[in-house]
Amino acid sequence: MNNQKFQSFIDLVTFDQSLSELEKKLNNIETTIQSLNNQQTHLEKQLEQNSLKKRDIKKQLDAQALLVKELQDKEKHQQEVMQDVSSAKELDAANKEFEYLKLERNAQEQKMLQHILKLEIAEKEYDALQLAFQAEVAKVNEQIHTQQQALEQTQQDVEKLVKDRDQFLKNVPADWMDVYENMRGRVANPVVAVQQDSCSVCFSLISSRDLQALKHNELLQCKDCYRFLYYEDKK
């Protein structure tokens, strides 16, 4: 077999392995960027949920304050009623109503104080989370920027290698390329070296005749896994 054709094919395989590694790196970078974007989205949702929680507590506090104000107005009105009653029976009834309103107002004021405390805690939690969010988002954005730069550089490297690949095809027989491209689309290592007189992937033994052919730079296919085999001279 023509040594130049054999060497051209091995050079192509080596080149394609480098190209494959770059493509893997490209996929890893894209996955990392997606993960960082998801992380940022999660942080934004956390901050939004905390903001909604704070808003809900504020609504409850406003409603409670309105209820307390209504009870205060009723107390004031009841005091006026008490001043206008003429009989002891009416005064007693008015006093009971006034005491009930006062107890109810006190109870609702306690609830209002609880809402005030909840709101203070929620506001502190929100402020702390917002600071942490800003710091984390800045960190994530910096990482995304770094990964985007790496992505652009790797894309350029891949594009250059794809263009350079044509020069390795000139001396490789078309029938080899057909088998190689078919295998390359199905397995990561379509061309492997012989190790200890066997295929280095499926460990199928190579016959003595085929070994001799491989040692003379023949390129054969494994009879079990159909990968291209070549003999690697380790001298």
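Using Cβ point charges alone (K and R +1, D and E -1), the dipole size of the chain about the Cα centre works out to roughly 640 debye.
Computed with a 1.4 Å probe over protein heavy atoms only, the accessible area of THR41 comes to about 60 Å². Stokes-Einstein diffusion of segment 194-235 at 25 °C, 0.890 mPa s viscosity, Kirkwood radius from Cα pairs, rounded to a whole number: 245 µm²/s. Using the rule -39500 (n - 2.57) for each DSSP H run of four or more residues, divided by the residues of the chain, the 222 nm mean residue ellipticity is -28000 deg cm²/dmol.
Only lysine pairs 8 or more places apart, or on different chains, with alpha-carbon atoms under 22 angstrom apart are counted in segment 52-120, and they number 24.
Rolling a 1.4 angstrom probe over the protein heavy atoms with all chains in place gives the chain an accessible area of 67 Å² per residue. For segment 179-215, trypsin sites (Lys or Arg not before Pro) meeting the loop criterion (DSSP other than H, G, I, E, B) and having at most 13 other Cβ atoms within 10 Å: ARG186.
Per-residue Karplus couplings for segment 42-51, computed as 6.51 cos²θ - 1.76 cosθ + 1.60 with θ equal to phi - 60°, are listed in order as 4, 5, 5, 5, 4, 5, 5, 4, 5, 5 Hz, Gly and Pro entered as x.
Here are labelled values, [x] 1.56; [y] 1.08; [z] 0.98, and one is the computed Rg/Rh (Cα atoms, Kirkwood Rh) for what I pasted. Which one? Checked against the structure: label [x]. Each of SER204, ASN182, TYR226 was placed along the dipole of segment 182-235 (beta-carbon charges, centred on the mean Cα), and the one lying farthest toward the positive end is ASN182.
Accessible surface of the chain, 1.4 Å probe: 49 percent of it comes from carbon and sulfur atoms. The residues SER86, SER18, SER51, sorted by heavy-atom accessible surface at 1.4 Å with ligands and nucleic acids left out, run SER86, SER18, SER51 from largest to smallest. For the pair HIS145 and ALA107 in one chain, pulling the backbone fully straight at 0.36 nm per residue adds 8.1 nm over the alpha carbon distance. When you restrict to C-alpha pairs under 8 Å that are six or more residues apart and normalise by the size of segment 1-122, the relative contact order lands at 32 percent.
For LYS215, a cut-off of 27 angstrom between C-alpha atoms picks up these lysines, skipping any fewer than 8 places away in its own chain: LYS5, LYS170, LYS223, LYS234, LYS235. Across the chain, the relative contact order, built from alpha-carbon pairs under 8 Å that are at least six residues apart, equals 28 percent.
The values are calculated or read from the model by the stated rules, or taken from the named source; none is laboratory data. Computed from a predicted model, the values in this text were never measured in an experiment. Note: ideal-geometry Cβ built from the backbone for every residue, glycine included; neighbour counts use all protein chains shown. Keep in mind that these areas ignore ligands, DNA and RNA; they rest on the heavy atoms of the full protein, side chains included. Shrake-Rupley method; radii C 1.70, N 1.55, O 1.52, S 1.80 Å.
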